[in-house]
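So the structure is just underneath, and the comments pick up after that.
The values are calculated or read from the model by the stated rules, or taken from the named source; none is laboratory data. What you see is a predicted model, and the numbers here were worked out from it, not measured in a lab. For neighbour counting, all protein chains shown are included, and Cβ atoms are generated from backbone atoms with ideal geometry for every residue, glycine included. SASA here: full protein model, heavy atoms, side chains in, ligands and nucleic acids out. Shrake-Rupley method; radii C 1.70, N 1.55, O 1.52, S 1.80 Å.
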Amino acid sequence: MLLRSHRDKISLPLLLSCGHRLALSPVFRPGAAFGSQGIPLPELGPAHSQMTLPLAAARAQCPYCGVGCGLDLKPPEPPTASTPAPEPLWTARGDRHHPSSLGQVCVKGATVGETLHRNRLTTPLWRERTDEPFAPISWERAMDLLVERIQTTLATRGPRGLAIYGSGQFLTEDYYVANKLLKGALGGNNFDANSRLCMSSAVAGYARSLGSDGPPCCYDDLDVADLVVLIGTNTAECHPVLFQRLLKRRRRGTDAPRLVVVDPRATDTAAAADLHLPIRSGTDLALLHGIGHLLLQSGALDQTFLAAHTEGFEKLEPLLRTWTPERAAAVCGIPEASLRQLAQWWAESDTALSLWSMGVNQRREGTATVAGIINLHLLTGQIGRPGAGPFSLTGQPNAMGGREVGGLAQLLPGYRAVGNAAHRAEVERHWGFPEGAISAEPGLAVWEQIEAMEQGELDLWWVAATNPLVSLPSLDRVRAAVARCPLVVLSEAYAGTETAAVAHLVLPAAQWSEKAGTMTNSERRVTLCPAFRQPPGQARADWAIFAELGRRLGFTRQFTWTSAAEVYAEFVGLTRGRLCDMAGLSHALLAEHGPQQWPFPEGTAPGGGGARLYGDHQFPTPSGRARLIAEAPLGLAEPPDDTYPLVLTVGRYLAHWHTMTRTALVARARKRHPGPVLEVHPADAEPLGLVDGAIATVRSRRGSVRVPVRLSEAIRPGVVFLPMHWGASQPEACEANRLMHELGCPLSKQPELKAAAVRLEAGHGHSG
Ligand code: SF4
């Protein structure tokens with residue numbers, strides 16, 4: 001596997017997987033492309049894209065949602081003498097050997113090959129001011145700029161003047177090196193990621209109730225649960241392969257689980273349910289307490305489990321007693337009989353599984369609601385057994401890997417916390433930094449980073465592999481804040497994103513398929529994703545960019561890796577003895593034996609990782625007991641009122657992914673969802689004279705958008721729905737998140753992106 005020169009063709013042996021075995025290490029080594037200080041930098045990609053693609057097949061985890069399906073990828077047909085060079089389209093299909101998906105794939109995964117080469121950034125770009133055009137610069141110049149500005153900031157303002165905002169699209173190795181650079185080398189903890197918008201309430205909820213982050217369940221639980229409760233998740237569109245697995249079992253009939261869906265909209269997910277509870281937005285916790293009340297009243301609690309393995313019942317019980325079914329049903333706006341039905345099914349079920357995603361997490365009381373779900377499982381002993389447990393569905397493909405490496409502002413690798421002195425000391429030792437190198441002060445979560453920019457307190461904001469100028473709430477405020485930051489850096493694979501419009505320095509990033517590394521999906525399964533395509537132009541792997549910068553800043557000893565496999569080996573050493581123990585994993589093992597679930601301590605046989613957590617009912621709290629949490633429901637942070645009488649909720653379409661940097665390039669996705677549509681109940685549309693297809697202005701306290709209307713009885717009166725995908729750069733621009741507010745959960749710091757008060761205006765009017 002040798003590179004003779006940048007202009008030579010490379011001849012790579014097959015990366016083809018065979019069963020679970022990859023024929024060889026997925027790492028290819030283009031050589032010392034821009035190394036400094038004599039250290040070669042493999043995997044950075046060549047300086048110019050003169051290299052012939054390595055035509056090989058590969059297996060990898062899908063780079064879209066957290067289901068983490070396995071993909072079989074086949075290379076483009078090579079051009080022949082008689083046919084002109086075709087568009088180099090890799091084809092993807094489900095990998096039947098991947099244990100998480102067993103060959104299934106949705107439209108996003110199946111079309112990912114169409115997105116890999118289009119609209120790519122190929123060279124670093126720079127401009128002094130954001131009203132100037134970008135000009136190409138060399139990597140040398142880009143690195144010099146970064147070193148100079150970081151050193152100046154450290155000297156004048158200290159590490160609090162620097163912040164990185166990363167992504168669940170990072171591979172674990174990217175996450176790890178970025179965290180080591182900022183938290184270890186530079187001594188600041190302002191590393192946050194878009195998982196803050198996605199899963200941080202689940203992280204905080206698991207940690208508070210069970211003693212540690214970490215989803216306790218696995219996908220096989222869907223095959224054996226008696227009762228499946230989907231709360232705050234449109235699984236049919238957002239986690240489609242899992243949903244199909246569930247439907248398949250239900251179609252088999254004989255052992256079909258009962259399916260309950262809690263959602264203000266009658267989504268495709270709800271249409272498949274035995275019972276749909278279209279609760280008022282923001283009343284999930286009241287519903288959960290109402291169920292708890294009925295379980296208590298009916299004697300359905302597992303007293304043995306409660307006595308031996310939990311604490312806090314004495315506080316929870318009196319709270320639950322106040323949530324009578326009459327009160328809970330009235331607050332939730334559902335028939336009392338529906339509430340009673342769900343409680344009865346829960347009590348009757350040997351195994352109950354709860355799944356949730358953004359509808360629970362993106363809430364001002366997200367952490368409390370996660371605790372409300374876990375409470376029900378603890379009250380009835382429904383955890384740590386096949387088919388039973390609380391199970392968060394991750395949004396991003398590697399948000400789980402990010403959590404494992406400490407990729408949020410309050411975390412350190414191995415499910416450790418910045419605020420814990422022993423944890424800091426362990427990580428400092430492992431990283432090779434002196435005692436006290438890691439600050440004890442938690443860093444800024446992403447909205448705090450925005451506020452810091454508003455105050456002129458951030459000198460450098462580095463965004464990587466995400467597009468916050470579409471995905472953050474209150475976008476006008478974000479734009480104004482970012483404009484005050486002297487240096488905005490964007491590491492990105494694709495050209496022309498909304499975030500590039502506010503950046504000074506743009507770095508071309510190698511993306512999934514062009515760099516080796518690992519991802520962890522929602523069921524704690526780690527998949528090695530090989531590099532099977534050449535990065536375009538001068539694009540570099542994110543981890544390699546951060547490592548190079550670390551060396552140039554003088555930390556040569558701490559950033560010496562020559563491959564992603566070495567980065568991973570260092571990382572898993574930090575998980576030894578922790579709940580997320582992966583010390584037995586390596587790139588080589590994953591390449592040879594395929595995806596593995598953790599816990600996977602050293603010495604674990606391939607396939608022998610932990611399918612579930614807490615089988616022994618011992619929890620990583622000081623007492624070893626799980627905690628029942630008693631919190632009174634608060635409702636929405638911005639409830640509807642006379643001026644803004646409706647609740648706007650935002651969500652996703654099946655074929656599009658987040659801010660469409662990839663899926664806007666797929667004709668099938670655009671055809672299926674040609675543009676955003678506002679779903680409105682006829683009862684809310686009629687007084688305004690809104691008919692199907694009419695243009696409505698949706699106005700909140702933060703701005704307005706204009707969008708076509710679709711009348712639908714599938715949405716609860718008083719609620720309207722918009723997709724969040726379309727940003728300002730799209731022809732059908734409709735910045736849904738511009739309307740949303742930033743108020744979030746005080747524990748998880750996750751904004752309440754699921755609900756804002758709005759009003760509708762018919763017809764004319766411009767957005768503004
Ligand atoms: Fe990819 Fe998610 Fe679709 Fe699976 S369900 S193919 S992981 S987008």
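Is it true that Ala501 is more than 30 Å from Leu353 (Cα to Cα), part of a helix (DSSP H, G or I), more than 23 Å from the chain's Cα centre (by Cα) and touching a residue at least 60 places away in the same chain (Cβ under 8 Å)?
Here the answer is yes, as Ala501 does meet what is asked.
If a residue has to be under 26 Å from Cys485 (Cβ atoms) and assigned to a loop (DSSP other than H, G, I, E, B) to count, how many in the stretch 112-132 make the cut?
The total comes to 11.
So the check is Cβ under 6 Å with 6+ separation or different chains; which pairs have a first residue in the stretch 141-161 that's under 17 Å from Ala547 (Cβ atoms) and a second one that's assigned to a helix (DSSP H, G or I) and at pLDDT 95 or above?
Met143/Arg552; Leu146/Leu549; Val147/Arg552
Listed residues Glu732, Glu742; which is in contact with a Ser or Thr (Cβ under 6 Å, 6 or more places away or on another chain), assigned to a loop (DSSP other than H, G, I, E, B) and not assigned by TED's automatic domain parsing to the domain that holds Gly205?
When all the criteria are applied, what remains is Glu742.
Report every pair of residues separated by at least 6 positions or lying on different chains whose Cβ atoms are under 9 Å apart, first residue within the stretch 94-105 and outside any loop (DSSP other than H, G, I, E, B), second open to solvent by less than 10 Å² (accessible area, probe 1.4 Å) and among the small types (Gly, Ala, Ser).
Note: pairs meeting the criteria are Gly94/Gly70; Gly94/Ser101; Gly94/Gly109.
Kindly indicate whether any position in the stretch 716-723 is free of Cβ contacts under 8 Å to residues at least 60 places away in the same chain and either surrounded by fewer than 23 Cβ atoms within 10 Å (Cβ to Cβ) or touching a strand residue (DSSP E or B) at 6+ places or on another chain (Cβ under 8 Å) (or both).
yes
Just to be sure before I move on: is Pro240 crowded, with 19+ Cβ neighbours inside 10 Å, closer than 29 Å to Val67 by Cβ and within 16 Å of the ligand (Cβ to nearest atom) in the structure I sent?
Against the criterion (crowded, with 19+ Cβ neighbours inside 10 Å, closer than 29 Å to Val67 by Cβ and within 16 Å of the ligand (Cβ to nearest atom)), Pro240 qualifies.
Condition test on Ala483, is it of a type in the set (Gly, Ala, Ser) and more than 23 Å from the chain's Cα centre (by Cα)?
Answer is yes for this residue.
One line per residue, one yes/no per condition, for (1) open to solvent by 30 Å² or more (accessible area, probe 1.4 Å); (2) assigned to a loop (DSSP other than H, G, I, E, B); (3) within 13 Å of Lys180 (Cα to Cα); (4) not assigned by TED's automatic domain parsing to the domain that holds Glu492:
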{"residue": "Ala544", "(1), (2), (3), (4)": "no, no, yes, no"}
{"residue": "Glu548", "(1), (2), (3), (4)": "no, no, yes, no"}
{"residue": "Arg551", "(1), (2), (3), (4)": "no, no, yes, no"}
{"residue": "Thr560", "(1), (2), (3), (4)": "yes, yes, yes, no"}
{"residue": "Glu566", "(1), (2), (3), (4)": "yes, no, no, no"}
{"residue": "Ala569", "(1), (2), (3), (4)": "yes, no, no, no"}
{"residue": "Val572", "(1), (2), (3), (4)": "no, no, no, no"}
{"residue": "Leu589", "(1), (2), (3), (4)": "yes, no, no, yes"}
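Tell me, which residue of the stretch 639-655 that is within 28 Å of Ala110 (Cα to Cα) and not aromatic (Phe, Trp, Tyr) is surrounded by the fewest Cβ atoms within 10 Å (Cβ to Cβ)?
In this case the residue turns out to be Leu654.
How many residues are charged (D, E, K, R) and buried (at least 21 other Cβ atoms within 10 Å of the Cβ) if we restrict to the stretch 281-328?
1
If you take the residues in the stretch 397-455 that are touching a Pro at 6+ places or on another chain (Cβ under 6 Å), open to solvent by less than 10 Å² (accessible area, probe 1.4 Å) and not aliphatic (A, V, I, L, M), which one is nearest to the ligand (Cβ to nearest atom)?
Taking the candidates together, the pick is Pro397.
Since Leu145 meets every condition but one in (1) surrounded by 17 or more Cβ atoms within 10 Å (Cβ to Cβ); (2) under 29 Å from Gly401 (Cβ atoms), which condition does it not meet?
(2)
Cβ-Cβ distance below 8 Å, separation of 6 or more or different chains: which pairs start in the stretch 668-688 with a residue that is open to solvent by less than 60 Å² (accessible area, probe 1.4 Å) and end on one that is among the basic types (Lys, Arg)?
Ala669/Lys108; Val677/Arg710; Leu678/Arg710; Glu679/Arg265; Glu679/Arg710; Val680/Arg710; His681/Arg716
Kindly establish whether Gln534 is polar (S, T, N, Q), in the same structural domain as Asp476 (by TED's automatic domain parsing), more than 30 Å from Trp356 (Cα to Cα) and at pLDDT below 95.
yes
Whether any residue in the stretch 170-184 is open to solvent by 10 Å² or more (accessible area, probe 1.4 Å) and either at pLDDT below 95 or more than 13 Å from the chain's Cα centre (by Cα) (or both) is what I want to check.
Looking for residues that are open to solvent by 10 Å² or more (accessible area, probe 1.4 Å) and either at pLDDT below 95 or more than 13 Å from the chain's Cα centre (by Cα) (or both), one finds none in the stretch 170-184, hence no.
Of all residues in the stretch 112-131, how many are away from the ligand (no atom under 14 Å from the Cβ), among the hydroxyl-bearing types (Ser, Thr, Tyr) and crowded, with 17+ Cβ neighbours inside 10 Å?
Residues flagged as away from the ligand (no atom under 14 Å from the Cβ), among the hydroxyl-bearing types (Ser, Thr, Tyr) and crowded, with 17+ Cβ neighbours inside 10 Å within the stretch 112-131 amount to 1.
Identify all residues within the stretch 329-340 that are under 10 Å from Leu294 (Cα atoms) and open to solvent by 10 Å² or more (accessible area, probe 1.4 Å); write none if there are none.
The answer is Arg340, and nothing else.
Looking at Arg96, is it within 16 Å of the ligand (Cβ to nearest atom) and exposed (fewer than 15 other Cβ atoms within 10 Å of the Cβ)?
yes
Go through the stretch 185-202 and count every residue that is farther than 23 Å from Met740 by Cα and under 12 Å from the mean Cα position of the chain (by Cα).
Final tally of qualifying residues: 0.
Being in contact with a Pro (Cβ under 8 Å, 6 or more places away or on another chain) and either open to solvent by less than 10 Å² (accessible area, probe 1.4 Å) or closer than 25 Å to Ala286 by Cβ (or both) is the requirement here; does Tyr206 meet it?
So Tyr206 fits the description; yes.
Checking Gly109 against (1) more than 19 Å from the chain's Cα centre (by Cα); (2) buried (at least 22 other Cβ atoms within 10 Å of the Cβ), only one condition comes out false. Which one?
(1)
How many residues are of a type outside the set (A, V, I, L, M), within 16 Å of the ligand (Cβ to nearest atom) and either in a loop (DSSP other than H, G, I, E, B) or more than 28 Å from the chain's Cα centre (by Cα) (or both) when one looks only at the stretch 64-88?
5
For the stretch 604-716, which fully contained strands (runs of 3 or more DSSP E) count at least 3 residues that are closer than 30 Å to Arg321 by Cα?
Filter on the stretch 604-716 gives an empty set.
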